[in-house]
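**Q** Mind having a look at this structure? Questions to follow.
No value in this document is a laboratory result; all are computed from the given coordinates. This is a predicted model, so every value here is computed, not measured. Heads up, the Cβs are rebuilt from the backbone with ideal geometry, glycines too, and the neighbour counts pull from every protein chain shown.
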Amino acid sequence: MLINVYVEYNRLRNTFTYSCDSHVEVGCRVRVEFNNRTLIGFVEEVDVESDFKNIKPIIEVIDEKPLLNCELKLLADYMADFYASSKVTCYKTMLPPALRPSSNHSKVIYEEYAVLKESNLPLTSRQKEVLTSFTYPCKMSEIRKVSSSIAKALLDKGYIVIEKRIKDSNTHVSSILDVQHELTFEQEHAIETIQSTDKTVSLLHGVTGSGKTEVFLRLAENVLACGKQVLFLVPEIGLTPMMIQRVQARFQQKIAIYHSGLNAQEKLEQYNLVKENKVDIVVGTRSACFMPFSSLGLILMDEEHDSSYKQDNTPRYHTRDIVLFRAAYHKCKVVLASATPSLESYARAYKNVYELIELKHRIHEMPEIQLVDMKKERVTNGLSQTLLQAIYERLSRKEQVILLLNRRGYLPVVRCSDCGHVRICPDCGIALTYHKNQNALVCHCCGRQFPFHEECPSCHSKNYFKAGMGTERLEEQILEIFKDYHVVRMDADSTRRKNAHEKLLKEFEESGDLLIGTQMVAKGLDFERVTLVGILNADATLCRNDYRASETAYEMLEQASGRSGRGTLKGEVLIQTFDPDHFVMQCVKLHDYKLFFNQEMKYRHLGMYPPYVYLCTLVFTHFDINEAYKQANEAKAYFQSIRVLGPIEIRMQQKKRRVRLILKSKDDKLLHTLVKNYLDTTKQIVDVNMHPVMMEE
Ligand code: ADP
Ligand code: ZN
Ligand code: ZN
């Protein structure tokens with residue numbers, strides 16, 4: 001039989017024909033020879049015909065059964081088409097790492113289990129004794145511990161056989177008690193509307209602390225009661241532990257958990273739980289949207305605006321698109337929820353495509369926002385007198401404080417004060433950040449580390465500017481000023497180890513006074529005693545060279561503010577800014593999302609940016625910048641019928657120069673067609689980002 005196979009070259013968009021003597025189904029992996037290498041292939045078609053001579057046989061069939069069910073297969077087709085990417089990258093993305101069509105996938109550890117079998121060969125009394133002392137299936141290692149020779153004899157005589165099973169890793173989540181509140185009128189109304197609307201998608205726009213989680217849990221409960229499954233999506237990691245705990249407290253054992261903190265082994269286990277229909281509810285981050293559900297009844301997407309829902313390598317899918325596909329397949333409802341919805345989603349709700357539901361009231365009072373004008377303040381090392389005073393007051397009342405500084409490390413830029421030399425990453429071309437802890441210079445783009453030398457490599461001076469501050473330095477300063485207090489720092493550096501997030505949050509909850517962190521601390525945290533949130537470099541996000549800069553800034557400030565005053569104690573938020581009159585600052589001060597929405601939509605309309613148009617970016621990469629520009633200009637000529645911005649150079653990657661085009665069109669279909677046609681005709685390697693969320697600088 002001849003079969004068509006996708007081989008694991010990410011950029012290859014077509015299949016190759018092989019012959020296969022054994023039974024194989026569409027959706028199984030096979031091992032094949034390709035360009036003198038042994039690669040893994042994904043069977044796309046069986047029983048095909050071909051006029052080719054010299055068709056090679058496959059080496060072996062890997063899977064007995066297809067890895068993807070019918071729905072997920074259709075989803076892969078949709079993704080490959082919509083994001084203009086190769087099928088094999090879609091498969092890789094959709095499957096847990098251990099099952100990916102990839103030669104160097106992460107290892108999964110199997111354990112040997114003994115399973116009882118019938119046999120009538122004679123046993124010694126000691127062998128009989130050992131055989132009957134276990135309940136089967138049991139771990140082979142247990143029997144071997146008693147006696148390895150008896151274990152061998154039992155195997156040889158056929159009383160037991162070995163079965164390999166995935167080693168248990170005991171994904172552990174600490175438990176909290178479930179508190180079931182009596183619903184407020186607004187919550188009740190929200191649930192009723194979501195359940196009764198004939199629209200597929202509801203947008204739950206609820207201010208921070210309005211009790212969205214309770215709404216989710218009740219909706220989930222009702223769906224579970226009908227025997228259907230629930231997918232509960234949360235943004236990347238920061239928020240995951242708290243939400244998982246709350247869902248687990250309510251639904252106990254029937255849940256699977258899926259997020260990037262799990263290793264390949266654990267992911268496979270959770271994936272199989274869903275595949276074998278052993279759980280009804282999955283809580284997870286982005287990649288959980290590919291779980292093999294059999295009958296989905298509801299999809300909840302919390303903090304739907306969060307940028308971690310968009311994958312930033314090929315296929316650059318957005319979880320929202322995948323969710324809508326799956327909801328259409330399962331004919332189930334979707335709830336998108338946020339205190340700061342993405343402009344796209346809110347615009348759709350505004351136009352009545354989505355059902356708009358608003359939770360306008362907080363369970364407790366909203367925090368008061370104060371804009372601290374840094375032009376008028378006495379500032380020591382980035383901290384205003386007003387903020388320091390406020391921290392002092394809260395701490396002396398035994399309340400808790402969160403400080404947000406969206407920059408990790410110690411010194412963001414190491415610049416020589418004599419010759420101005422800045423140390424940059426040779427691969428990415430961006431300034432290196434000094435990390436005191438490791439006494440190293442770290443590239444925040446590619447993660448490479450370089451030794452730190454006191455001496456300037458250019459002029460040998462030992463003086464460098466000590467301006468600017470990252471979380472590491474902020475922690476050091478705060479500890480100097482507030483000596484007797486317990487400070488917890490949470491950023492990408494302090495949370496690298498497994499379960500570090502959970503541990504740090506627990507530490508803060510139990511004995512912490514101050515929590516310092518990057519945007520990680522802006523999301524989802526729910527601590528009753530936090531009454532002050534201080535935001536240090538509020539302007540930084542606004543300065544980004546990105547059409548979404550204002551939206552991102554508004555989101556971050558409003559979300560961070562939402563961490564203050566969530567209990568009965570009144571909360572306060574201090575935002576340090578050089579531009580208190582900026583409309584984003586003013587909207588945050590008033591907690592007025594709609595004001596922000598209306599204003600921002602005007603700018604988007606003027607600039608012709610989403611949601612008024614659809615975007616796609618194309619990035620061309622080459623060691624020679626002129627060559628990269630040449631390719632980009634050729635492509636630009638191809639897209640004459642729509643608007644094209646650029647080419648402009650963006651930052652390097654792996655020593656290669658990169659040039660970007662932005663394609664704009666009001667007609668999404670046309671945009672897709674043009675991009676696909678272009679990819680079919682060009683020989684260039686192009687990085688396509690359909691509907692980009694963040695613009696690289
Ligand atoms: P959101 O997700 O909207 O930010 P949460 O769901 O975390 O808000 O709720 C905020 C706080 O209010 C939580 O501590 C929660 O336990 C509490 N809460 C939620 N609903 C109620 C209710 N109906 N009555 C009293 N407290 C509630
Ligand atoms: Zn120098
Ligand atoms: Zn780098």
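**Q** What do you get for chymotrypsin sites (Phe, Trp or Tyr not before Pro) in segment 600-662 restricted to DSSP loop and a cutoff of at most 11 other Cβ within 10 Å of the site's Cβ?
**A** Numbers: sites: Y603, Y612, Y614, F620, F623, Y629, Y638, F639; in loops: Y612, F623, F639.
Counting only loop positions with at most 11 other Cβ atoms within 10 Å, the chymotrypsin sites (Phe, Trp or Tyr not before Pro) in segment 600-662 are F623.
**Q** Run the dipole for the chain about the Cα centre, Lys and Arg Cβ at +1, Asp and Glu Cβ at -1, nothing else charged, and hand back the magnitude in debye, nearest 20.
**A** Values: 92 positive and 89 negative charges, 246 e Å.
Computed about the Cα centre, the dipole is about 1180 debye.
**Q** Based only on Cα atoms, what Rg/Rh ratio does the chain have, Rh being taken as Kirkwood's radius? Let's see the in-between values first.
**A** Values: Rg = 28.3 Å, Rh = 28.4 Å.
Taking Rh as the inverse mean 1/r over Cα pairs, Rg/Rh reads 1.00.
**Q** If I stretch the segment between L595 and R496 completely, what's the gain in nm (0.36 nm per residue apart, minus their alpha carbon distance), one decimal?
**A** Numbers: separation 99, 0.36 × 99 = 35.64 nm, distance 3.86 nm.
Answer, rounded to one decimal: 31.8 nm.
**Q** Still on this model: Taking the Cα centroid of segment 283-310 and of segment 628-690, what is the distance between the two, rounded to the nearest whole Å?
**A** Centre-to-centre distance over Cα atoms comes out at 30 Å.
**Q** I've got another one for you. Rounded to the nearest Å, what's the spacing between the alpha carbon centres of segment 539-571 and segment 319-348? Just the number, please.
**A** Taking the Cα centre of each part, segment 539-571 and segment 319-348 sit 22 Å apart.
**Q** Give me the base-10 log of I(q)/I(0) for segment 236-379 at each q in 0.09, 0.10, 0.11, 0.17 Å⁻¹, Debye formula, one uniform scatterer per Cα, rounded to two decimals.
**A** Once normalised to I(0) and log-transformed, intensities are -0.37, -0.45, -0.53, -1.09.
**Q** Report the relative contact order of segment 2-99, percent, no decimals, based on alpha-carbon pairs under 8 angstrom and at least 6 residues apart.
**A** On the way: 170 pairs, mean separation 31.5, N = 98.
Computed value for segment 2-99: 32 percent relative contact order.
**Q** Here's another thing I want to ask about it. Just need the relative contact order of the chain here, percent rounded to a whole number, with Cα pairs under 8 Å and 6+ apart.
**A** Values: 1333 pairs, mean separation 74.9, N = 697.
Relative contact order, the chain: 11 percent.
**Q** Which of the GluC sites (Glu not before Pro) found in segment 1-60 are in a DSSP loop and have at most 14 neighbouring Cβ atoms, other than their own, within 10 Å?
**A** Numbers: sites: E8, E25, E33, E44, E45, E49, E60; in loops: E8, E25, E49.
Of the GluC sites (Glu not before Pro), the ones in loops of segment 1-60 whose Cβ has at most 14 other Cβ atoms within 10 Å are E25, E49.
**Q** Something else: Treating the beta-carbon of each Lys and Arg as +1 and of each Asp and Glu as -1, no other charges, what is the dipole magnitude of segment 199-287 about its Cα centre, to the nearest 20 debye?
**A** Details: 11 positive and 7 negative charges, 45 e Å.
My answer is approximately 220 debye.
**Q** If the only charges are +1 at each Lys and Arg Cβ and -1 at each Asp and Glu Cβ, what is the size of the charge dipole of segment 185-359 around the Cα centre, to the nearest 20 debye? Please report the intermediate quantities before stating the final value.
**A** Numbers: 19 positive and 20 negative charges, 96 e Å.
Once rounded to the nearest 20, the dipole reads 460 debye.
**Q** Using Cβ counts within 10 Å as a stand-in for footprinting exposure, how do I143, I176 rank, fewest first? Each step should come with its number before you reach the end.
**A** Numbers: I143 23, I176 11.
Final ranking by Cβ density, sparse to dense: I176, I143.
**Q** With unit charges on the beta carbons (Lys and Arg positive, Asp and Glu negative) and the dipole taken about the Cα centre of the chain, which residue among I322, V247, C332 sits farthest to the positive side?
**A** I322
**Q** Calculate, for E192 and K278, the FRET efficiency according to 1/(1 + (r/R0)^6) with r their C-beta to C-beta distance and R0 25 Å; round to the nearest 0.05.
**A** Working: r = 32 Å, r/R0 = 1.27.
Result of the calculation: an efficiency of 0.20.
**Q** Now, a different point. Which distance in nm do the two modelled labels at S19 and K483 give, with both placed 7 Å along the Cα-to-Cβ direction?
**A** Rounded to a tenth, the inter-label distance reads 8.4 nm.
**Q** Could you check the spin-label model distance between T568 and L116? Points 7 Å from the Cα along Cα→Cβ, value in nm.
**A** It is 5.8 nm.
**Q** Just the number, please: percent antiparallel of the DSSP beta bridges in the chain, rounded to the nearest 5.
**A** On the way: 60 of 112 bridges.
Bridges in the chain are about 55 percent antiparallel.
**Q** Mind checking segment 53-90 for trypsin sites (Lys or Arg not before Pro) that DSSP puts in a loop (not H, G, I, E or B) and that have at most 14 other Cβ atoms within 10 Å? Intermediate results must be reported in sequence, preceding the final value.
**A** On the way: sites: K53, K73, K87; in loops: K53.
Passing both the DSSP loop test and the Cβ count: K53.
**Q** Follow-up question, since we're still on this one. Can you compute the modelled spin-label distance between D312 and N54, with each label point 7 Å from Cα toward Cβ, in nm?
**A** About 4.4 nm, to one decimal.
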